[in-house]
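The values are calculated or read from the model by the stated rules, or taken from the named source; none is laboratory data. Computed from a predicted model, the values in this text were never measured in an experiment. Cβ sites come from the backbone with ideal geometry, for glycine too, and all protein chains shown count toward neighbours. Heads up: the accessible areas ignore ligands, DNA and RNA and are worked out on the full protein's heavy atoms, side chains in. Shrake-Rupley method; radii C 1.70, N 1.55, O 1.52, S 1.80 Å.
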Amino acid sequence: MKKTPIIIFSWALFSQLSAQTPQELVNKIKARLEKVNDYTAKGKLKTNVVFIKAPIASVKVYYKRPDKMKIVNENGISFIPKGSVNINLTKFLSGPGNYEIVDAGIEPSTGLRILKLLPSDENSEIVLSTLYIEEKTELIKKAKNTTRDNGTYELDMTYGKYATYGLPDKVIFSFNTKDYKLPKGVTFDYDDGAKKTPDESIKNKKGKVEITYSEYLINKGIDDGIFK
């Protein structure tokens, strides 16, 4: 019985020494994301925003590294906030010294490692990115991004057969409808805030966009003309 404290202390010390440093963990995530030069994906998009009535849509997503992306909706226009398709940190994580990493410990309820990334570029669209990482699989399961123009949005990722590439089977994008700016020319009967309306209160609510992917074609090559 007297040896128990020593065993517990030794195990705690081993766990501490074997834990990856924040930089090591980010480097491994970055290396996985950089396996993907391009992809074409098929999926279903579901919009849950109080001021938008949109059916579940079949979409085709085109991506080319580092930041080219296009979504084609077979049913017409969809409300797709920036960042909803994939966390797409490849460009953000590229190059040394363009962000500072802060270790924020472990989330008690999930056991996920929390890292905060602060970009060194003062003009970066993302002001702060908080990543919730499953260390065993080295996958980002959740992220919270604070932006300059579109408030704070959250992403929850579920992985399956494309996990080796860091590509999720499902992404849930949550945001505050009050903070998000709609693209020019897209109104959806939504007032831009220039004047108050009777239903102003409904805009200060959480909106969600979900994309469930059924198939990825990875590194098959995509012509730049797709993104025009």
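Of the strands (runs of 3 or more DSSP E) lying entirely inside segment 88-194, the ones with 2 or more residues being over 17 Å from K206 (Cα atoms) and at pLDDT 90 or above are found at 99-106, 113-119, 126-134, 139-147, 152-158. If S15 satisfies all but one of (1) small (G, A, S); (2) surrounded by fewer than 14 Cβ atoms within 10 Å (Cβ to Cβ); (3) modelled with pLDDT of 70 or more, what's the number of the condition it fails? Of everything listed in (1) small (G, A, S); (2) surrounded by fewer than 14 Cβ atoms within 10 Å (Cβ to Cβ); (3) modelled with pLDDT of 70 or more, S15 misses just condition (3). When the residues of segment 94-110 are filtered to those that are open to solvent by less than 60 Å² (accessible area, probe 1.4 Å) and touching a residue at least 12 places away in the same chain (Cβ under 8 Å), the one that is nearest to N37 (Cα to Cα) is S94. Please note which strands (runs of 3 or more DSSP E) are completely contained in segment 25-74 and include at least 1 residues that are more than 20 Å from Y165 (Cα to Cα) and open to solvent by 70 Å² or more (accessible area, probe 1.4 Å). Where strands (runs of 3 or more DSSP E) fall fully within segment 25-74 and carry at least 1 residues being more than 20 Å from Y165 (Cα to Cα) and open to solvent by 70 Å² or more (accessible area, probe 1.4 Å), they are 38-48.
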